[in-house]
1. Can we say C:Ala337 is among the small types (Gly, Ala, Ser), more than 14 Å from chain B (Cβ to nearest Cβ), over 18 Å from C:Val181 (Cα atoms) and buried (at least 17 other Cβ atoms within 10 Å of the Cβ)?
2. Condition first: of a type in the set (A, V, I, L, M) and more than 8 Å from chain A (Cβ to nearest Cβ). Now tell me which residues in segment C:191-208 satisfy that.
3. Among helices (runs of 4 or more DSSP H) lying entirely in segment C:213-317, which contain 2 or more residues that are touching a Pro at 6+ places or on another chain (Cβ under 8 Å), modelled with pLDDT under 95 and of a type outside the set (A, V, I, L, M)?
4. What do you reckon, is A:Thr164 under 20 Å from A:Ser19 (Cβ atoms) and of a type in the set (S, T, N, Q)?
5. Take the residues in segment B:129-139 that are surrounded by 21 or more Cβ atoms within 10 Å (Cβ to Cβ) and among the hydrophobic types (A, V, I, L, M, F, W, C), then tell me which one is nearest to B:Leu163 (Cα to Cα).
6. Within the set of pairs 6 or more residues apart or between chains, which connect a residue that is more than 8 Å from chain B (Cβ to nearest Cβ) inside segment A:100-118 to a residue that is assigned to a loop (DSSP other than H, G, I, E, B) with Cβ atoms less than 6 Å apart?
7. Could we say that A:Ala179 is of a type in the set (A, V, I, L, M) and in contact (Cβ under 8 Å) with a residue 12 or more places away in the chain here?
8. Counting only residues that are assigned to a loop (DSSP other than H, G, I, E, B) and β-branched (Val, Ile, Thr), which one in segment B:267-306 is farthest from B:Val253 (Cα to Cα)?
Amino acid sequence: MDLSVINPALLLASLMVASTPILLAALGELMVERAGVLNLGVEGMMITGAICGFVIAVNTGSPGLGFLAATLGGSALSLIFAVLTQVALANQVASGLALTLFGLGLSSLMGQGYVGVKPPATPEVNFGPLGDIPFFGAVFFSHDLVVYLGLALTAAIWVMLKYTRAGLILRGVGENHDAAHALGYKVVRVRIAAIAFGGACAGLGGAYISLVRVPQWTDGMTAGTGWIALALVVFASWKAGRVLLGAWLFGGVTVLQLNLQAAGVAIPVEYLNMSPYLITILVLVIMSADRTRAPGSLGRIFHASD
Amino acid sequence: MLTLEKRAQPSRQWSTLSPLLAVVLTMIAGGAMFALLGENPVEAIRTIFWDPLFGEFAFYYRPQLLIKAAPLILIAIGLAIGFRAGIWNIGAEGQYIIGALTGAGVGLAFFPTESAVIFPMMVIAGAVGGWAWAMIPGVLKVRFGTNEILVSLMLVYVAEQVLAKMAFGLLRNPDGSGFPGSRNLQQYPSAHNGELIAGTGMHWGVVAALIAVIFSYIVMTRHLLGYQIRLTGEAPKAARFAGVNPSRITLLVLGISGALAGLAGLFEVSGPSGQVSIDFNVGYGFTAIIVAFLGRLNAVGILLAGLLMALTYIGGEMAQLNLSLPAAAIQMFQGMLLFFLLAVDLFTNYRLRWKRAEAAA
Amino acid sequence: MKNLKTFITAAAVAVGLAANCAAADTTKVGFIYVGPIGDGGWTYEHDKGRLAIEEHFGDAVETVFQESVSEGADAERAITQMALQGADLIFTTSFGYMDPTINVAAKFPDVKFEHATGYKTADNVSNYSARFYEGRAVQGHIAGNMTESNIVGYIASYPIPEVIRGINSAYLHAKAVNPDVEFRIIWVYTWFDPQKEADAANALIDQGADIILQHTDSTAPQAAAQAAGDVVTFGQASDMAEYGPFPRVSSIIDNWAPYYIERTKAVIDGTWETVATWDGIDTGMVEIGEITDAVPAEVKAEALAMVEAMRAGEYHPFTGPITKQDGTPWLAEGEVADDGTLAGMDFYVEGLTGEIPN
């Protein structure tokens, strides 16, 4: 056992990449939950995004168009959920689960004929001399555009929720939809927009898996990432900055675990694998003492009864 | 323009009609999908809905429907009681796993002793395992006010890791040539939950599911406790006025749903499935949530919804086999069925009304 | 009670069998798959075997399959379903289907069953598996020769005999040509999670491995190696030729087609008998994918010679002297491992570091 074989710069660099899909999906779900909606269909939207992105990228040769298609695909699927829960007032938990089922089936059908195909490579951003800075160059300046998009989105959502009027409305709708409605805000419209945004983010995260992380198409390739993203939102106590932190932590546990094994450290894999979830529960308990808590209207059905 | 108006009382007519409407809509949409895939839609629909019940091999499929539906119904009954009280346990999958582990663990601990008390002890252990796992979100909610949806969901992932650990470690079959997975309980008569009457599919899990349906029907409609549970869910403040202790209700309903999920796990691992393996859980805990809603959270509805779900699984398998439909198409079809069932439920609680535009604005 | 049970089951089966006879002119062959046929690995290769049957026999044989069947109760139903619908021969292609296959076989004495990678047989149940460790020996030889950092990374799935055999075989042959070689092993605890496989490959590459062997089915490690630029990989389960000629320099291919065709023919001819098959390179069940020119010519020649020696039955990858990791001798000079020990292999050979987790 020799821990010096683990290079911290490379470890952090692969962590940046490993955390991107869950970061993107979780940011989307964060907005959805902040609007008071619990969409458990993240896994289904991610895998739909993964295949939409893959198909378009392969056929056009452009990863950029692929990512665009993934956002459209993810949000198109999420609109089914939006119609069910916002228009037909169906239960959100059941609708979300049904969405995952549907998305997994849909993606598998769409993906027939794309097994064993290699997608076009997504280029890394060239930062010139910045990439040569020792340590920081490898950690921060050696990635593709989507990694930075994830970081930028984190900042944008943080600002939006904290400082803008749109953020205030979104939070208001999520905290107390009746009050928001009484103030004249379009609760349903705000929520549909949030759901569509969540779908787009999940789709983007999914495409990052099929186009960059893996990159290939296989049935069920997201392998539970969407569920981790759901946990992450809770872990982050519905705050954008903490989502980023949590994504690094959740991704980091896996990357670190694999690195320790490679270095010859005997570790109980199962215990490490369950640790993020136990930590999340702990965070929930600690948060309950704090004033931060789940959005007040989370998961509740809204109907304007005039 | 069209607006929705809440009914003073849920429409009884619609609550029976809407599932039928949903099935019809699914047949149309699903049939269109099958046609797009180049299949004869009528034949596909017939294979899924008719053949398992009345086809050539119905003698085999009817019992299989019970076997497939039993765990779904058992879990959904427990969940529905919680949902009625406004307690959202979505971690039944985890409770199902833990119940199977504790139950199978007790049985395997006695191997190879034969005794009539072993199976009852396993049943108790399974229920206690599921109960204990559900008590974690319960106690945390009562003590710290944490959200039980999230805690129970997190515990599913933890339970899956525990399952992997057990399948490779403690419960691994010492005679299994180094492969993961426990001994097969089907080959250990004292621990085997076999068919009670051959050829019927009836095993103790099916019996337990039926008892749970009857029991929950009586408790929820005829008993004070059922009233208190419903009141807690519908009007928490009024419930407190009426002297109902919300913490007690929380722990009680989570305990019931956990114990039933644990039982479902135990009956499955000791019967149809036979062994603890890494892939033991196949999502019954999550599907049961859908079943609970399709059944409109009432006992008889859940019984029917569970059977319908089982039918789409088994009919879907037949469609794969006979028509070479991809498994993915069946998954989408099930997804559609759920979408429609969830959507049309709208008409149970609301009615559509024409209103003049200015009134709606 | 017990008698009644048997009677009713027998009656049910009789009805099923009567139905079987109706469509007896073509032979029906069924397949139960654990994953989707689009998984690009394990199930994908089995399905290629199914298609090979269709091509070989044409109209004389009809094939059916069911994909993504979970192990346990669902498997038993799926297998029964096939038997009821008149299948004459059913291949169940995952270890977890072993007990369900045996159970169903007992109810359908006239249907033949073939279970992959298990160890149980019955009057109408055969089992079959492949000696993938022969392919691992070839990989080990190439890896030992080509590594410059002397670090070989190994992505292992679950700690089961099949995987442990592969590690031992690869290590022995790498060490034979390069005494300084060191194996770094990561257990990912999954057969299929492309993201995790990518992470594992990156972790190994980051720690200096310039060869990656994988015992998981996705191409994620190939892509990671390609991105790194100077890392050698081998295809697993399928050829993964799209990553050749470099980083993928060779591969182990699961080729089930010859076996499937042979067994189907046996059923048609009425010569089917219970067998426990464990075939390797000799029958073509294990295939070595093209060794590309990225491999130095003499190494390639040696590797091909090894393949030929195994094909001819002249060379066994586990030939003594071999000592276990804990220092106890296993095989004496010239002694060849017996299949029983290989089938249940739960130890590392000398020189490998770390412990097998459990």
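The values are calculated or read from the model by the stated rules, or taken from the named source; none is laboratory data. Note that the structure is a prediction, hence the values are computed from the model and not measured. Cβ coordinates were reconstructed from backbone atoms using ideal geometry, including for glycine residues, and neighbour counts include every protein chain displayed.
1. So C:Ala337 passes the test.
2. Once the filter is applied, which keeps residues that are of a type in the set (A, V, I, L, M) and more than 8 Å from chain A (Cβ to nearest Cβ), segment C:191-208 yields C:Ala201, C:Ile205.
3. Correct list: C:220-228.
4. It is false that A:Thr164 is under 20 Å from A:Ser19 (Cβ atoms) and of a type in the set (S, T, N, Q).
5. Looking at residues that are surrounded by 21 or more Cβ atoms within 10 Å (Cβ to Cβ) and among the hydrophobic types (A, V, I, L, M, F, W, C), I get B:Trp133.
6. Pairs that qualify, where the first residue is more than 8 Å from chain B (Cβ to nearest Cβ) and the partner is assigned to a loop (DSSP other than H, G, I, E, B), are A:Thr100/A:Gly41; A:Gly111/A:Trp217; A:Tyr114/A:Trp217; A:Val115/C:Gly40; A:Gly116/C:Gly40.
7. Here the answer is no, as A:Ala179 does not meet what is asked.
8. That would be B:Ile278.
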